[in-house]
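For reference, the structure discussed in these notes is given below.
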Amino acid sequence: MAIASPSSVTVRSYSSLSPVWSVKRVSQSQLRMMAVRSSNSYSLSVSTTSILTNLQNNCATPLPILRHVADSMTDDMRAGLAVDGGSSLKMILSYVNSLPTGNEDGLFYALDLGGTNFRVLRVQLGGKSERVGDTEFEQVSIPKQLMSGTSEELFDFIASGLSKFVQKESERFSFPSGKKREIGFTFSFPVKQTAIDSGILIKWTKGFAVSGTRGKDVVVCLNEAMERQGLDMRVSALVNDSVGTLAGARYWDDNVMIAVILGTGTNACYVERIDAISKLQCQGGQVPISGSTIINTEWGAFSKGLPLTDFDKDMDDASINPGEQIFEKTISGMYLGEIVRRVLVKMAEVGNLFGESLPEKLSTPLVLRTPDLCAMQQDNSSDLKSVGSILSNKFEIQTNLSTRRTVVEVIDTIVKRGGRLAGAGIVGILQKMEQDSKGLIYGRRTVVAMDGGLYENYPQYREYLQDAVTELLGSDISKNVIIEHSKDGSGIGAALLAASNSKYTNDYQKGEAIL
C-alpha cells in the first residue's frame, strides 16, 4: 500500500515561551530505513531471517488495522464518558473549565512529576503586554529506590528539591509580600480529580510502585511534605501533563483542541462539551452544566485491536503492572528499547545473531533505551559504524555489517508500529470530536499540541505518526490538522493554570471559557 507523503500534514515545532521553528524536516528517503541497505557481503541464518519476517508481519499497521484502532479509540471514549468504568479509558474530568487569557500577572511556580525526573519552574507573567517574562527551571533525577519506596519518602524528596529551588529566587522575579506563593502541580499518573486542586491517585504507572499513596489525595501528600520542609506555598491547580500542555499551547493559539504526550509514558487530552459527558449526572463537583471542559483520556490503558507479538506479551508479563497500560507499552519511550532487546535476545539464542553465545549484558532488562534506538537509526553511513559502536559499548560485542543491518531493521519495525499506532489514536480523538460537532473540526484549522522527549527527539517516530494521520484522514482533511511541538508546554501550562485559578481573585483575572 502506498503511503502518502508526510508533507501533506503540516508539522511545526515551537517553544511554548516564544514560538519559533526548531525541528528540521527530514526527507522521506532518509527516514525510510535510512540505515538499511542491500548488500551480499554477509548472510543471515534462516532462523534469524524467519524471526525478522514474522516480527515485521505481526507488527504491520496497514490502513485497515489503523482504522480499527482509531474506531475502537472513539468507541472507548464514548463508553468512558457514559459511566465510570465503562471502558479501558478513564476519561477523567480535569476540572479545567476555563483557560488562561493572557491577563494573568505575577510570579507562579510549577512542579512537573511524570517520569524518572521531576522539574520545578518559576514564571513571571506580565499580562497582555508582556505575556511570559522571565523563567527559570531545574530538573532533578529521582533515585530509583524512591520509585518503589514510601509515599512520604518520595514527596519529601520532591518538596526538598522544590524548597531549594525557591530559595534561589533572584531579584529578577517580583513577588509581593503578605501573599502565599502558588504552584501548578503537573502529576502525570492516573488520578480521579474531585476539584481543580484535588485528586485521588488511581494507580502508579511508568515503573513507579510507591506504597501508601493509592487512594489518597496527591495534593494533600505534596502540601504535607511542603509543610515539613517549612515551605509556605499552596497548590492552586492539579493537572495532568497533557492538560498542562494543552493549556500552555492554547495560551498562544486558540485553535489548539488536543494535546498528546509521547515521552517516557504517554497520554492525551482534548476539549469536550459538558453535555456529552453522561456520567456527570451521577457526580457532584465543580463542573458547570453547560460549556466545555478538558478531558484527560488516560489513553495509555487502551488495548483494543493492537498488533501485538509474543515479545510484547513477555515484556508485559515481566512488568510491575501486567495486563495494564498496553497502549503505553506499545508506543511510549520507556518500552520501545526493551521490546527491541527481547527480539535481539531471541535472535541471538536461536539464530546466533551475535555469535555462538548470548552476550551477557544483552540479558539485562531495560539496558537498551529508546535514545540508543534513535542514535542507531540516525546512522546514515555505508558501514553503519555508529550502530556498531553503540552495540560494542552497550554489550561488548563486535558485529559485522549484516548483523548491524538486522538490528536496525528490528528497531525500525518496532518504532514504525509505535508511531503509526500513536497517529491512529490521535485520529480516534479527532473523529469523535468531528462526529459530535457535526463537521466543525475537519472543516477548520485544528491544532494537536505535542510534547515529550520521544516525539521531540525521534524523527522517524514523528514521521511514522504523521504518515498514519494522513492515511486515515486523507490529504485534503489532513491539511487542516496541524501537529505542533509545544516544547515544555506542560510546565508552562501548569504555571498558567495556577495563575488562572489563583485564590487572589481580586488581583488576577480569571480565565475565560474554553469554547
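The values are calculated or read from the model by the stated rules, or taken from the named source; none is laboratory data. Keep in mind that this is a model prediction, so the values were computed, not measured. All Cβ positions, even for glycine, are placed from backbone atoms using ideal geometry, and neighbour counts span all protein chains on display. Surface areas here come from the heavy atoms of the whole protein model, side chains and all, with no ligands, DNA or RNA. Shrake-Rupley method; radii C 1.70, N 1.55, O 1.52, S 1.80 Å.
Miscellaneous remarks
- A residue that is of a type in the set (Gly, Ala, Ser) and open to solvent by less than 20 Å² (accessible area, probe 1.4 Å) cannot be found anywhere in the stretch 201-219.
- Every pair of residues 6+ apart whose Cβ atoms lie under 6 Å, when the first sits in the stretch 236-251 and is in contact (Cβ under 8 Å) with a residue 24 or more places away in the chain while the second is of a type in the set (Asp, Glu): Ser236/Glu182; Ser236/Asp197; Leu238/Asp197; Thr245/Asp451
- Residue list for the stretch 449-471, restricted to those being farther than 21 Å from Leu373 by Cα and either among the hydroxyl-bearing types (Ser, Thr, Tyr) or surrounded by fewer than 24 Cβ atoms within 10 Å (Cβ to Cβ) (or both): Thr470
- Residue match in the stretch 107-121 (condition: surrounded by fewer than 16 Cβ atoms within 10 Å (Cβ to Cβ) and in contact with a strand residue (DSSP E or B) (Cβ under 8 Å, 6 or more places away or on another chain)): yes
- Single match in Ser402, Ser392, Ser357 (criterion: free of Cβ contacts under 8 Å to residues at least 60 places away in the same chain and outside any loop (DSSP other than H, G, I, E, B)): Ser392
- Positions within the stretch 364-389 being in a loop (DSSP other than H, G, I, E, B), of a type in the set (Asp, Glu) and within 21 Å of Lys416 (Cα to Cα), in sequence order: Asp379
- Looking only at residues in the stretch 157-170 that are surrounded by fewer than 17 Cβ atoms within 10 Å (Cβ to Cβ) and in contact (Cβ under 8 Å) with a residue 40 or more places away in the chain, the one that is nearest to Val220 (Cα to Cα) is Ser160.
- Some residue of the stretch 425-433 being open to solvent by 30 Å² or more (accessible area, probe 1.4 Å), modelled with pLDDT of 90 or more and not hydroxyl-bearing (Ser, Thr, Tyr): no
- Scan of the stretch 327-357 for residues that are open to solvent by less than 60 Å² (accessible area, probe 1.4 Å) and more than 20 Å from Asp316 (Cα to Cα), ordered by number: Ala348, Gly351, Leu353, Phe354, Gly355
- Residue within the stretch 171-183 that is in a helix (DSSP H, G or I), in contact (Cβ under 8 Å) with a residue 60 or more places away in the chain and of a type in the set (Phe, Trp, Tyr) present: no
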